[in-house]
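Undergrad: The structure is given below, and queries will be raised subsequently.
The values are calculated or read from the model by the stated rules, or taken from the named source; none is laboratory data. Treat the numbers as computed from the prediction; the structure is a model and nothing was measured. Cβ atoms come from the backbone with ideal geometry, glycine included; neighbour counts cover every protein chain shown.
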Amino acid sequence: MIATANDLREQLNIEPGFEADDFLERKIAAAENWIESFIGTPLAELDPLPASITEAVLQLAAHLYENREATLVGVSGSELPFGVVDLIRPHRVWEI
């Protein structure tokens with residue numbers, strides 16, 4: 001993983017120990033998987049790892065933490081947090 005449970009706690013502004021590491025690490029892993037699929041490259045192959053990718057992972061993992069259900073009632077929703085695609089788009093591999 002390119003981010004830690006503590007990194008995600010900082011992103012979410014939650015106290016250490018508030019959530020179990022394995023729970024937060026699942027959110028990070030899901031975010032990393034989604035981003036790898038979107039850009040078409042394993043994150044481990046990006047050397048050096050761009051700061052924009054790390055930020056996108058944390059933003060997406062925080063979004064997954066805050067929105068744990070697939071449906072929202074009484075509020076407007078969006079597919080991704082604002083800016084995630086903009087952060088990762090330059091790293092996308094396009095195939096012809």
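Undergrad: Can you tell me which residue is surrounded by the fewest Cβ atoms within 10 Å (Cβ to Cβ) among those in the stretch 1-44 that are of a type in the set (Val, Ile, Thr) and assigned to a helix (DSSP H, G or I)?
TA: Ile39
Undergrad: OK, next. Look at the stretch 8-43 and say how many of its residues are under 14 Å from the mean Cα position of the chain (by Cα) and of a type in the set (Gly, Ala, Ser).
TA: 4
Undergrad: Please specify each residue of the stretch 45-66 satisfying the condition of being surrounded by fewer than 14 Cβ atoms within 10 Å (Cβ to Cβ), part of a helix (DSSP H, G or I) and of a type in the set (D, E, K, R).
TA: Glu45, Glu66
Undergrad: Taking interchain pairs and intrachain pairs at least six residues apart, which have beta carbon atoms under 8 angstrom, with the first residue in the stretch 41-58 and more than 18 Å from Ala30 (Cα to Cα) and the second of a type in the set (Lys, Arg) and not in a helix (DSSP H, G or I)?
TA: Nothing qualifies.
Undergrad: Please give the number of the condition Ser76 fails out of (1) modelled with pLDDT under 90; (2) within 19 Å of Ile28 (Cα to Cα); (3) not charged (D, E, K, R).
TA: The one condition Ser76 does not meet is (2).
Undergrad: Okay, next question. Can you pull out the residues in the stretch 18-48 that are under 13 Å from Ala62 (Cα atoms) and hydrophobic (A, V, I, L, M, F, W, C)?
TA: Of everything in the stretch 18-48, those that are under 13 Å from Ala62 (Cα atoms) and hydrophobic (A, V, I, L, M, F, W, C) turn out to be Phe23, Leu24, Ile28, Ala29, Ala30, Ala31.
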